[in-house]
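Beneath this line is the structure, given in structure tokens, with notes to follow.
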Amino acid sequence: MAFISQYSLFLVRYSFYLRPMEQLVKQIDNYRKEIEAAAVNTPEAVEEFRIKYLGTKGLVKSIMGEMKHVANENKKAAGQLLNEFKLFVESKYEALKEANAGLQAPDAQLIDWSLPGDPITVGTRHPLNIVRNQIVAIFKRLGFAVAEGPEIEDDWHNFGAMNLPEDHPARDMQDTFYVNQHPSWLLRTHTSSVQARVMETQKPPIRVICPGRVYRNETISARAHCFFHQVEGLYIDENVSFADLKQTLYFFVQEMFGKSVKVRFRPSYFPFTEPSAEMDISCLICGGDGCNICKHTGWVEILGSGMVHPKVLENFGIDSNKYTGFAFGMGVERITQLKYQVNDLRLYSQNDVRFLKQFTGVV
Ligand SMILES: [Zn+2]
């Protein structure tokens, strides 16, 4: 039995395990065709390719093991054949890896598409712009057009034309920034300078409002600032009376603050209007009963007004016997302060987001 067994082993080794070269060549040729035809389109498929052909239990490793079954006289040719095949598979793998690298997009795998997006911070309109726009919108409905002019003015448009000649004591009411290089140039102290420019170029009827920034040499505090915003109005036509002035401003107050608000006019003095009046409204906080905001009077001042001084009309060649007009001016900060209870003027220009974002949603 022992002999037979040894003989059988001898047969098995030489009939089944000795690899003829032709067979090896044909087998490798088939593998090449299979590899060439392989559909490898994703990074995962590239990895599968590597495991199948180049892994530790892969085809290349296994076919290399066939060398020991090759007859001695063929070992050199078989070694060359197998090496070439190995190089072919390796270069094919590298090519596939490169071709699919663009698809790998490692970031894409790290992104969780179900996460909510980063919020985009939306800014808010500045409260002064909100209120300025509201004021402009109300007067536009009464037919007033918006006029604008330069912030650096000459003395004539800011003072002279407004019946404030040099050495006029009323100039002291408006501490002015002058431009050093041009002593007759200044930063406008009111938007009346825009009214001057309108009267210079237009003939009555004139109906404009002039919103804009103005400058005064004031010490900055909660109640005063070196710049603030005004909306001034001017209406010139035949037969314009004080009754028109009152009704126009009354309409404005009701639209701005509500129907229940009362108004009162107090006699006042401005060089460019005669007669002049300051207008108060009933306190929005206490409704007229008296509180800290209205200093216990029940009234708060909101604007100055009056009939345009005949001298101002004549300065622009407008016949003051034929035409009359009224003018008014208000501080946007003042209206905003009353509407939103902002008690420190400095907040408007500090750009503190905590302040500004309180006006989110106000249009
Ligand atoms: Zn009050």
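The values are calculated or read from the model by the stated rules, or taken from the named source; none is laboratory data. Since the structure is predicted, the reported quantities are computational estimates derived from the model, not experimental observations. Glycine also receives a Cβ, built like all others from the backbone with ideal geometry; neighbour counts cover every protein chain displayed. The protein model used for the area step is the full one, side chains on, heavy atoms only, and it has no ligands, DNA or RNA in it. Shrake-Rupley method; radii C 1.70, N 1.55, O 1.52, S 1.80 Å.
Note on the stretch 150-161: residues that are open to solvent by 30 Å² or more (accessible area, probe 1.4 Å) and either among the hydrophobic types (A, V, I, L, M, F, W, C) or within 18 Å of Y235 (Cα to Cα) (or both) total 2. Annotation note: Cβ proximity below 6 Å between a residue of the stretch 228-248 that is more than 18 Å from A145 (Cβ to Cβ) and a residue that is open to solvent by 40 Å² or more (accessible area, probe 1.4 Å) and assigned to a strand (DSSP E or B) (sequence gap 6+ or interchain) occurs for H229/R213.
Only one of the numbered conditions (1) away from the ligand (no atom under 16 Å from the Cβ); (2) open to solvent by 40 Å² or more (accessible area, probe 1.4 Å); (3) in a strand (DSSP E or B) is not met by L234, and that is (2). Of everything listed in (1) open to solvent by less than 20 Å² (accessible area, probe 1.4 Å); (2) more than 16 Å from the ligand (Cβ to nearest atom); (3) at pLDDT below 95, the single unmet condition for L249 is (3).
Among the residues of the stretch 348-357, is there at least one that is in contact with a helix residue (DSSP H, G or I) (Cβ under 7 Å, 6 or more places away or on another chain) and either of a type in the set (A, V, I, L, M, F, W, C) or away from the ligand (no atom under 16 Å from the Cβ) (or both)?
So far as the stretch 348-357 goes, yes, one or more of its residues are in contact with a helix residue (DSSP H, G or I) (Cβ under 7 Å, 6 or more places away or on another chain) and either of a type in the set (A, V, I, L, M, F, W, C) or away from the ligand (no atom under 16 Å from the Cβ) (or both).
For the stretch 55-71, a residue qualifies if it is of a type in the set (G, A, S) and either assigned to a helix (DSSP H, G or I) or touching a Gly at 6+ places or on another chain (Cβ under 7 Å) (or both), and the qualifying residues are S62, G65.
Does L81 qualify as being out of contact with any strand residue (DSSP E or B) (no Cβ under 9 Å at 6 or more places or on another chain), buried (at least 17 other Cβ atoms within 10 Å of the Cβ), assigned to a loop (DSSP other than H, G, I, E, B) and not basic (K, R)? No, not satisfied.
In the condition set (1) away from the ligand (no atom under 16 Å from the Cβ); (2) over 36 Å from the mean Cα position of the chain (by Cα); (3) at pLDDT below 95, Y178 is compliant with all but (2).
Only one of Y269, Y323, Y340 is at negative phi, of a type in the set (S, T, Y), open to solvent by 50 Å² or more (accessible area, probe 1.4 Å) and touching a strand residue (DSSP E or B) at 6+ places or on another chain (Cβ under 9 Å). Can you tell me which?
Working: Y323 fails: open to solvent by 50 Å² or more (accessible area, probe 1.4 Å); Y340 fails: touching a strand residue (DSSP E or B) at 6+ places or on another chain (Cβ under 9 Å).
Being at negative phi, of a type in the set (S, T, Y), open to solvent by 50 Å² or more (accessible area, probe 1.4 Å) and touching a strand residue (DSSP E or B) at 6+ places or on another chain (Cβ under 9 Å) holds for just one of Y269, Y323, Y340, which is Y269.
For the stretch 178-187, the set of residues classified as of a type outside the set (G, A, S) and open to solvent by 10 Å² or more (accessible area, probe 1.4 Å) consists of Y178, V179, N180, Q181, H182, P183, W185, L187, listed by residue number. Looking only at residues of the stretch 274-302 that are more than 8 Å from the ligand (Cβ to nearest atom) and among the polar types (S, T, N, Q), we find that the one that is modelled with the highest pLDDT is S276. Restricting the stretch 253-266 to residues that are part of a strand (DSSP E or B) and surrounded by 15 or more Cβ atoms within 10 Å (Cβ to Cβ), which is farthest from the chain's Cα centre (by Cα)? My answer is F265.
Only one of the numbered conditions (1) closer than 23 Å to N129 by Cβ; (2) within 16 Å of the ligand (Cβ to nearest atom) is violated by M256, and that is (2). Show the residue pairs meeting these rules: Cβ distance below 8 Å; 6+ apart or different chains; first residue within the stretch 119-141 and basic (K, R); second residue exposed (fewer than 12 other Cβ atoms within 10 Å of the Cβ). Sorted first by the residue in the stretch 119-141, then by its partner, the pairs are R125/V363.
Could you tell me whether any residue of the stretch 200-220 is within 16 Å of the ligand (Cβ to nearest atom) and over 40 Å from the mean Cα position of the chain (by Cα)?
No, the conditions are met nowhere in the stretch 200-220.
Every residue, every condition in (1) modelled with pLDDT of 85 or more; (2) more than 23 Å from K33 (Cβ to Cβ), yes or no:
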site	(1), (2)
K75	yes, yes
L96	yes, no
A101	no, yes
A105	no, yes
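The single residue among V40, V122 that is aliphatic (A, V, I, L, M), surrounded by 10 or more Cβ atoms within 10 Å (Cβ to Cβ), under 57 Å from the mean Cα position of the chain (by Cα) and not in a helix (DSSP H, G or I) turns out to be V40. The test for being surrounded by 18 or more Cβ atoms within 10 Å (Cβ to Cβ), among the polar types (S, T, N, Q) and within 16 Å of the ligand (Cβ to nearest atom) does not hold for S305.
Taking the stated definitions as given, is V194 hydrophobic (A, V, I, L, M, F, W, C), out of contact with any Ser or Thr (no Cβ under 6 Å at 6 or more places or on another chain) and surrounded by fewer than 21 Cβ atoms within 10 Å (Cβ to Cβ)?
Against the criterion (hydrophobic (A, V, I, L, M, F, W, C), out of contact with any Ser or Thr (no Cβ under 6 Å at 6 or more places or on another chain) and surrounded by fewer than 21 Cβ atoms within 10 Å (Cβ to Cβ)), V194 does not qualify.
Which members of the stretch 272-286 meet the condition of being assigned to a strand (DSSP E or B) and open to solvent by 40 Å² or more (accessible area, probe 1.4 Å)? E274, P275, listed by residue number.
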